[in-house]
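Since the structure comes first, as structure tokens, the remarks are kept for the end.
The values are calculated or read from the model by the stated rules, or taken from the named source; none is laboratory data. As the structure is a computational prediction, the values presented were derived from the model and not from experiment. Glycine also receives a Cβ, built like all others from the backbone with ideal geometry; neighbour counts cover every protein chain displayed.
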Amino acid sequence: MPAKDAVRKRIVASPVDDEDACYNCNTNVNAAMMKASISGTSGKVTGRIEGREQCSWFEIHYLVKEIARKIGERKYDCILGIANGGVIPAKLLAEELRVDAIQLVPVRKKQVVISEMPKLDRKKKYLVIDDIYDTGATYGKVAEALKAFSCDYAFCMSRYEQSVGLYGRILNHNRWIVFPWELS
């Protein structure tokens, strides 16, 4: 069908509640994201980047809500954001879970900076979040640094299905993800 003859319909669902509504278009965030197609090949990352995919603020909010839904009734004393990609998801997830304490796990050049680690309490329960579980290298180094503490892990996205934590979306492709806070 030629583009000029195509009729575009914009369907805007009534939000279930104010928290599900997109501020810009009043679309039900959860319904819209669940209907979004996730393309790509299934399987593990091959290491070869195959293009780029931009992630929107809309999607980040949805992914954080999805992680919070999967967490359910579990309670945490503090959210630990892996710097730099986990900083904004940590803030959004803390709001979603009503957790007042947020601290950062300092990571530079794929290394945990132990000298800058926050003081943690072995009696507390932590939720560690990052933007993406890609190769698992960052996760492995952070998990090693935090092994003496009670931590669960969450990722906005995961390249493939993995068993080390919760995730909002499985990518199943090798495109480079550009997060909204990375745009200049």
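In segment 108-153, of all residues being within 25 Å of Val178 (Cβ to Cβ) and among the hydroxyl-bearing types (Ser, Thr, Tyr), the one that is surrounded by the fewest Cβ atoms within 10 Å (Cβ to Cβ) corresponds to Thr135.
Does Ala101 satisfy the condition of being surrounded by fewer than 16 Cβ atoms within 10 Å (Cβ to Cβ), at pLDDT 95 or above and of a type in the set (A, V, I, L, M)? Before the answer, list the steps.
Values: surrounded by fewer than 16 Cβ atoms within 10 Å (Cβ to Cβ): yes; at pLDDT 95 or above: yes; of a type in the set (A, V, I, L, M): yes.
For Ala101, the condition - surrounded by fewer than 16 Cβ atoms within 10 Å (Cβ to Cβ), at pLDDT 95 or above and of a type in the set (A, V, I, L, M) - is met.
When Lys124 is tested against the conditions (1) under 14 Å from Leu63 (Cα atoms); (2) over 11 Å from the mean Cα position of the chain (by Cα), the lone failure is (1).
Annotation: of all residues in segment 154-184 being among the small types (Gly, Ala, Ser) and touching a residue at least 12 places away in the same chain (Cβ under 8 Å), the one that is surrounded by the fewest Cβ atoms within 10 Å (Cβ to Cβ) is Gly165.
Within segment 55-73, being crowded, with 17+ Cβ neighbours inside 10 Å and of a type in the set (Asp, Glu) holds for Glu59, Glu66.
Strands (runs of 3 or more DSSP E) wholly in segment 66-184 with at least 3 residues that are under 28 Å from Glu53 (Cα atoms) - which ones?
Counting at least 3 such residues, we get 78-82, 125-133, 150-158, 166-170, 176-178.
Scanning segment 136-163 for residues that are over 21 Å from His61 (Cα atoms) and of a type in the set (A, V, I, L, M) gives Ala137, Val142, Ala143, Ala145, Leu146, Ala148.
If you go through segment 136-183 and pick out every residue that is in contact with an Asp or Glu (Cβ under 8 Å, 6 or more places away or on another chain) and basic (Lys, Arg), you end up with 3.
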